[in-house]
Amino acid sequence: MKKILAVLTEELEKAFCVCGYDEKLAKVTLSNRPDLCDYQCNGAMAAAKQYKKAPIQIAGEVAAQLQNCDKFQSVQAVNPGFINMKISEEFLASYVGDMGKDDRLGCEPCESSRKVVMDYGGANVAKPLHVGHLRSAIIGETLKRICRFCGDEVIADVHLGDWGLQMGLIIVQLQEDQPDLVYFDTDYKGEYPQDAPFTITELEEIYPRASAKSKQDGAFKERAQQATLQLQQGYPPYRALWKHILQVSIVDLKKNYENLQVEFDLWKGESDAQDYIPDMISDMKEKGFLHESQGAMVVDVAQETDTKEIPPCIIQKSDGAVLYATSDLATLIQRKQDFAPDRILYMADKRQEMHFVQVFRAARKTGIVEENTQLLFKGFGTMNGKDGKPFKTRDGGVMRLETLIGEINQAVYEKMMENRSVSQEEAREVSRIVGLSALKYGDLSNQASKDYVFDIERFSSFEGNTGPYILYTIVRIKSILTKYYQQSSEQEEGVLLVPSHQSEKNLMLQLSKLNEVIETAYEELAPHRICAYIYELSDCFNGFYHDTKILGEEDQQKQKSYITLISITKKVLELCIELLGFQAPERM
RNA sequence: ACACUCGUAGCUCAGUGGAUAGAGCACUGGCCUCCGGAGCCAGGUGCGUGGGUUCGAUUCCCAUCGAGUGUACCA
């Protein structure tokens, strides 16, 4: 379905043309004075200079043209030159009614479907997921869903950190802890064991210990770097250990992402790109892009227009090892071969922006990625605690994601037990669903690029602009619909009648914005637009609910219209939360 | 030092080249013969500061102050 603003703009364009003005001036926007009108057009004021006429006169001429247009109830020219429009209630009701009949609720897929690789999640093997991974997962997941809904073919890749220094650190630490393992016996010639010599719990303990030690102990760090290099060069015992680390870790990661309802199509990692590196490097050398600088092999990516110094992109360290940028570049080669995407989108902490600037420029410069493939970095801000500083546990450590999720579910659970008599079991079950909405909505309702304050109390509240409040609204509608279909012989939705009071009209107006909002969220990659929309929609619904007796309505036609209206509201809310990555329970 | 981002209500956040800058929380008062009161209604304060462009700037530009982040072998 055409967006309602587009429909109205077309009418205005006709009117502007007839009056002899440029139709580009005819853009209709939502009214910022809902007390005066539903929609407005400010084009007459912009036209005033161009046509050397008073804006109010232009507005008046255009308004006069529109007096008989069936899309409008009224069109007025108001000083200094606003064109204020009230929408025809018949048109509004039929528009919203048509939305309800459409299985995409009036949202058309965009014309040019793109093939998109999305790189988010960014979990590191052998390290537990912590709050730092939360945003990438949550935002990436919703962007994936939004892009897919809008018609893109999206391939989501978790892109594990499975190849960096942390692997060397773990190997060296393991050697200190258990020097007798066969992996460290240089004379050992046999097969390496099938099973890992550690559990996930042990693994998760090893890394932070090794990492801390490497900061204190220079020799230890050097050995870790050496081990990393050996691993990268294919030294069999380290390869065997590395496989164990991966195997143990991925099982655990999958479980965690599943709890977050975050799904990936690909579980590739940095290691998968390694095979592409030798050719990539020799190609870069051949073409003259790669040169030695301070002992490292680099590609210069500085440009004359830069306002700041952009350091060269390091492809190979002075010790011969490769790094993050190298495998990201190699991954680009891999992705191009595997998918030939139109766009590659990275979700990562905005502090990594420089890295992506370097990689993107190096990729363009060396011809790894052509002009027709768009490279996009969507940086997100830090999750802070109530003190405004990066979120930490009480004792100052990094909080594990599992712990965080547990805490928010617990907060929701306690609220449910206070307010409603449900069984503990049901409350547990439902609190997981509601807790997830609290977590995701709390994050997504903020602009992704900004830092935000994470506040369990606030996010898990059932009041205000929160996930649980949205879910509550849906559950409430479900409850009414269930009652209606229990006591009524009617099983089908009816026709929407024109709104009989303001709150009903408000609800319809809000519903009619859906396709506009989804498109904006898609174009701007801005999930918070959807959050703002459904919050307002929930408010509109509650306003309508408050002054309409739905089940008590005696006029059958009217009642059926109400039922249809709230049913459309439910569908819209459900679509939106599905895009945001959570769903509503039956009761709460 | 340089660069980038951000300064909106007591707090957490939206928003826009246009009319009276919005929500939530918190605070105060109403509203249950009512489909879920986890609701509805009413009540106060704000665009860091100074310039500029514009008919019109909170929005665009410049300066200034403040905060955050980044500046080659970590990811």
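The values are calculated or read from the model by the stated rules, or taken from the named source; none is laboratory data. Everything numeric in this text was worked out from a predicted model, so none of it was measured. Cβ placement follows ideal geometry from the backbone for every residue including glycine, while neighbour counts extend to all protein chains displayed. With ligands, DNA and RNA removed, areas are computed over all heavy atoms of the protein, side chains included. Shrake-Rupley method; radii C 1.70, N 1.55, O 1.52, S 1.80 Å.
May I ask you to list the residues in segment A:277-332 that are within 6 Å of RNA strand B (Cβ to nearest atom) and not β-branched (V, I, T)?
The answer is A:S293, A:Q294, A:G295, A:A296, A:K308, A:E309, A:P311, A:P312, A:K317, A:S318, A:L323, A:Y324.
Using the structure shown, decide if A:T186 is assigned to a loop (DSSP other than H, G, I, E, B) and closer than 30 Å to A:V248 by Cβ.
In short, yes.
Restricting to segment A:111-152, give me the number of residues that are open to solvent by 10 Å² or more (accessible area, probe 1.4 Å), more than 28 Å from A:G467 (Cα to Cα) and within 18 Å of the chain's Cα centre (by Cα).
The qualifying residues number 2.
Given the conditions (1) open to solvent by less than 30 Å² (accessible area, probe 1.4 Å); (2) under 23 Å from A:A526 (Cα atoms), report the number of the one that A:Y413 does not fulfil.
That leaves (2) as the condition not met.
Does A:K478 satisfy the criteria of being within 8 Å of RNA strand B (Cβ to nearest atom) and either touching a residue at least 60 places away in the same chain (Cβ under 8 Å) or closer than 30 Å to A:D349 by Cα (or both)?
yes
If you check A:K483, A:K505, A:K513, which single one turns out to be in contact (Cβ under 8 Å) with a residue 40 or more places away in the chain, away from RNA strand B (no atom under 12 Å from the Cβ) and open to solvent by 40 Å² or more (accessible area, probe 1.4 Å)? Give the derivation first.
On the way: A:K483 fails: away from RNA strand B (no atom under 12 Å from the Cβ); A:K505 fails: open to solvent by 40 Å² or more (accessible area, probe 1.4 Å).
Only one candidate qualifies: A:K513.
I'd like to check something: does segment A:243-261 contain any residue that is open to solvent by less than 80 Å² (accessible area, probe 1.4 Å), among the small types (G, A, S) and under 14 Å from A:G164 (Cα atoms)?
no
Within segment A:416-430, can you find the residues that are open to solvent by less than 50 Å² (accessible area, probe 1.4 Å) and at pLDDT below 90?
The answer is A:M416, A:V422.
All but one of (1) within 23 Å of A:M118 (Cβ to Cβ); (2) surrounded by fewer than 22 Cβ atoms within 10 Å (Cβ to Cβ) hold for A:E574, so report the exception by its number.
It is condition (1) that A:E574 fails.
If you scan segment A:431-454, which residues turn out to be open to solvent by less than 30 Å² (accessible area, probe 1.4 Å), near RNA strand B (Cβ under 9 Å from one of its atoms) and not aromatic (F, W, Y)?
A:V434, A:G442, A:A448
Scan segment A:341-375 residue by residue and report those that are open to solvent by 40 Å² or more (accessible area, probe 1.4 Å), free of Cβ contacts under 8 Å to residues at least 60 places away in the same chain and more than 11 Å from RNA strand B (Cβ to nearest atom).
Once the filter is applied, which keeps residues that are open to solvent by 40 Å² or more (accessible area, probe 1.4 Å), free of Cβ contacts under 8 Å to residues at least 60 places away in the same chain and more than 11 Å from RNA strand B (Cβ to nearest atom), segment A:341-375 yields A:R364, A:E370, A:E371, A:N372, A:Q374.
Does A:Y207 meet the test of being open to solvent by 30 Å² or more (accessible area, probe 1.4 Å), outside any helix (DSSP H, G or I), more than 30 Å from A:R145 (Cα to Cα) and in contact (Cβ under 8 Å) with a residue 12 or more places away in the chain?
Answer is no for this residue.
Do any residues in segment A:377-392 that are touching a residue at least 12 places away in the same chain (Cβ under 8 Å) and among the aliphatic types (A, V, I, L, M) have Cβ atoms under 8 Å from those of residues that are surrounded by 15 or more Cβ atoms within 10 Å (Cβ to Cβ) and part of a strand (DSSP E or B), where the two are at least six apart or on different chains, and which pairs are they?
So the pair list comes out as A:M383/A:Y452.
Please name all residue pairs, on different chains or six or more residues apart, with Cβ atoms under 6 Å, provided the first residue is in segment A:26-52 and is among the β-branched types (V, I, T) and the second residue is assigned to a helix (DSSP H, G or I) and open to solvent by 20 Å² or more (accessible area, probe 1.4 Å).
A:V28/A:L5; A:V28/A:T9
Which residues, counting only those in segment A:153-183, are of a type outside the set (A, V, I, L, M, F, W, C) and either open to solvent by less than 30 Å² (accessible area, probe 1.4 Å) or part of a loop (DSSP other than H, G, I, E, B) (or both)?
Within segment A:153-183, A:D157, A:H159, A:G161, A:D162, A:G164, A:Q166, A:G168, A:Q173, A:Q178, A:P179, A:D180, A:Y183 qualify.
Would you confirm whether any residue within segment A:541-560 is under 24 Å from the mean Cα position of the chain (by Cα) and in a helix (DSSP H, G or I)? Let's see the steps before the verdict.
Of the residues in segment A:541-560, the ones under 24 Å from the mean Cα position of the chain (by Cα) are none.
Among the residues of segment A:541-560, not one is under 24 Å from the mean Cα position of the chain (by Cα) and in a helix (DSSP H, G or I), which makes the answer no.
Regarding segment A:75-84, can at least one residue be identified that is of a type in the set (G, A, S), buried (at least 19 other Cβ atoms within 10 Å of the Cβ) and more than 9 Å from RNA strand B (Cβ to nearest atom)?
Yes: one or more hits.
How many of the residues making up segment A:1-33 are among the basic types (K, R) and under 17 Å from A:S512 (Cβ atoms)?
Result for segment A:1-33: 2.
Would you list the helices (runs of 4 or more DSSP H) that sit entirely within segment A:1-74 and hold 3 or more residues that are away from RNA strand B (no atom under 14 Å from the Cβ)?
It comes to A:4-18, A:55-65.
Let's see how each residue does on (1) in contact with a strand residue (DSSP E or B) (Cβ under 9 Å, 6 or more places away or on another chain); (2) among the β-branched types (V, I, T):
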position	(1), (2)
A:F391	yes, no
A:I405	no, yes
A:N409	no, no
A:M417	no, no
A:E457	no, no
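Only one of these is open to solvent by 60 Å² or more (accessible area, probe 1.4 Å) and without any contact (Cβ under 8 Å) to a residue 40 or more places away in the chain: A:E554, A:E493. Name it.
That would be A:E554, the only listed residue that is open to solvent by 60 Å² or more (accessible area, probe 1.4 Å) and without any contact (Cβ under 8 Å) to a residue 40 or more places away in the chain.
Counting only residues that are within 8 Å of RNA strand B (Cβ to nearest atom) and of a type in the set (S, T, Y), which one in segment A:521-539 is surrounded by the most Cβ atoms within 10 Å (Cβ to Cβ)?
Filtering segment A:521-539 for residues that are within 8 Å of RNA strand B (Cβ to nearest atom) and of a type in the set (S, T, Y), the one surrounded by the most Cβ atoms within 10 Å (Cβ to Cβ) comes out as A:S538.
Within segment A:455-470, count every residue that is assigned to a helix (DSSP H, G or I), near RNA strand B (Cβ under 7 Å from one of its atoms) and surrounded by 19 or more Cβ atoms within 10 Å (Cβ to Cβ).
2
Would you check if A:K389 is of a type in the set (D, E, K, R) and buried (at least 17 other Cβ atoms within 10 Å of the Cβ)?
No, not satisfied.
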